[in-house]
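First the structure, in the form of structure tokens, and then the observations on it.
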Amino acid sequence: MPVVIVFAFKYSLCYIFWRENRCGVAEMAHQSLSERTDSGIREVLNGTRKGPRALLLFAGPAVIASIAYMDPGNFATNIQAGSGYGYSLLWVVLAANLIAMLFQSLSAKLGIVTGKNLAEMCRIRFPPLIRYAMWAISEVAAMATDLAEFLGGAIGLSLLFGMPLLYGMAVTAVVTYAILMLAGRGFRPMELIIGGFVAIIGLCYFIEMFIAPVAWGEVALGLVTPVLPDATALTIAVGIIGATVMPHAVYLHSGLTQHRANPQNDGERRLLLTFSNWECVIALAVAGMVNMAMVIMASAAFHAGYPEVAEIETAFHTLTPLLGGLAAGVFLVSLMASGLSSSTVGTMAGQMIMQGFVGFRIPIWVRRLVTMLPAFAVVLLGVNTTEALVYSQVVLSFALPIPMIALVIFTRNRAIMGAFANSRTIDAAAMIGTVVILVLNAVLLLQTFGMPIPGLGA
């Protein structure tokens with residue numbers, strides 16, 4: 001069955017591109033989908049193309065970045081949050097998503113205004129010692145990211161088709177590599193494929209909300225009541241932030257926008273930023289709702305009678321008798337779509353980070369192989385996969401302040417950004433977001449070394 005899926009996926013892509021090459025008016029016959037999108041964007045910027053459909057031409061970068069906010073690490077942390085603490089940690093998901101919107105929009109702005117991505121700006125502006133340290137930390141974060149994403153896709157395939165986890169990992173590797181090969185055809189096919197995965201994940205959790213017995217009053221209360229019941233809740237909260245505001249997504253978004261439209265003047269840059277900001281808000285609002293739906297589903301299904309459910313595999317097996325086979329099946333489909341798409345995006349980000357920091361590029365299959373090794377090691381050593389997912393997100397949270405601080409430094413600098421430098425309000429909000437994550441990380445470190453935290457139980 002997995003082999004059939006891989007070949008079906010492969011030939012479906014072939015059919016799409018065959019149709020693409022046959023379709024279109026005569027003068028565009030030799031243009032690729034990406035070239036046609038670029039032409040359309042140029043027409044919008046020139047004022048010769050208008051209307052709601054024209055806005056869709058600008059959708060893509062934030063959609064790709066948003067998949068990082070719906071990856072399997074989110075599944076792991078959100079299941080633990082919902083089953084163990086009900087709706088009480090929903091405020092953490094909301095706060096993390098608002099921080100993500102701000103920093104993804106700043107990342108996109110850096111790429112649009114400067115024509116450089118965040119990693120390239122670090123290489124240009126920072127001394128070698130700082131630059132190489134940042135690169136090393138970013139590579140660790142990329143491996144932690146891929147651990148979560150690759151394992152998630154493999155777990156979904158393994159449970160959905162009843163195959164050994166190692167076979168699921170092999171299928172995940174093949175499919176993600178096939179998707180990565182689309183990058184050679186330009187930016188638009190990748191944006192459409194990842195957008196399709198986002199739609200699948202969103203639809204799955206939309207269905208789950210109709211199946212699960214949700215207490216909507218408690219949901220509203222959980223969104224606006226900041227509480228951390230105990231020290232374990234703090235660990236999960238930091239994991240939620242690490243799984244939501246992703247370091248590689250902050251780097252990647254600037255790379256996705258830096259060459260996409262090539263604005264010719266400040267007027268075009270301003271128009272592009274308007275479109276980009278709207279796309280960030282919409283794409284990350286969808287990602288935020290999916291994350292909230294994960295917590296809500298876990299709370300509604302498990303918190304009252306099964307608060308000990310903390311693993312993806314256990315959640316699947318428990319969902320079947322509680323909410324039926326449809327709920328369990330939809331859960332696995334969303335997990336599989338999340339793993340395949342986010343693993344692809346994570347490899348893209350890792351390649352861009354390496355090239356930006358050190359100007360070095362390796363073949364994509366080598367990059368894919370190296371970042372898969374930690375996931376295979378986890379499985380072969382018999383480590384609990386869900387715990388590995390959660391702690392990988394904590395690692396990401398500790399790596400996160402590095403790109404956040406760099407992004408604030410660059411986007412507030414008028415010598416770099418000119419008229420597009422951050423306003424005082426945006427600057428203050430970005431600094432507050434960075435400080436919040438630094439404080440949470442510091443508290444978690446103190447907790448790890450056994451120091452009592454006022455206001456937190458054991």
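Each reported figure results from applying straightforward, stated rules to the coordinates on display, with no laboratory input. All figures in this text were calculated on a predicted structure; none of them were measured in a lab. Cβ sites come from the backbone with ideal geometry, for glycine too, and all protein chains shown count toward neighbours.
Annotations
- Karplus 3J(HN,Hα) series, Hz, for the stretch 216-232 with 6.51 cos²θ - 1.76 cosθ + 1.60 (x for Gly, Pro): 5, x, 5, 4, 4, 5, x, 6, 10, 10, x, 9, 10, x, 7, 5, 5
- Three principal axis lengths of the stretch 110-195 [C-alpha, angstrom, descending]: 51, 30, 17
- Remark: the stretch 312-317, residue by residue, has Karplus-estimated 3J(HN,Hα) of 4, 4, 5, 4, 4, 5 Hz, where x stands for each Gly or Pro and the curve is 6.51 cos²θ - 1.76 cosθ + 1.60 at θ = phi - 60°.
- Stretch gain in nm, segment ASN413-PHE360, where the contour uses 0.36 nm per residue and the Cα spacing is subtracted: 16.4 nm
- Solution diffusion estimate, µm²/s, Stokes-Einstein, the stretch 130-245, Kirkwood Rh from C-alpha pairs, 10 °C, viscosity 1.306 mPa s: 88
- Highest to lowest packing among 195-204, 209-218, 284-293, 100-109, scored as the average C-beta count within 10 Å: 100-109, 284-293, 195-204, 209-218
- Fraction of the pair-distance distribution of the stretch 256-337 above 17 Å, Cα-Cα pairs, percent: 60
- Karplus-derived 3J(HN,Hα), 6.51/-1.76/1.60, for each residue of the stretch 61-72, Hz, glycine and proline x: x, 5, 5, 5, 4, 5, 5, 5, 8, 10, 7, x
- Proportion of all alpha-carbon pairs of the stretch 232-276 beyond 17 Å (%): 53
- Placing a pseudo-label 7 Å from each Cα along the Cα-to-Cβ vector at VAL224 and SER39 gives an inter-label distance of 5.1 nm.
- FRET efficiency estimate (nearest 0.05) - Cβ-Cβ, ILE282 to ALA428, R0 35 angstrom: 0.90
- From the C-alpha gyration tensor of the stretch 68-164, square roots of 5λ in Å: 32, 20, 13
- With Cα atoms as the point set, the radius of gyration and Dmax of the stretch 173-301 evaluate to 18.6, 53 Å.
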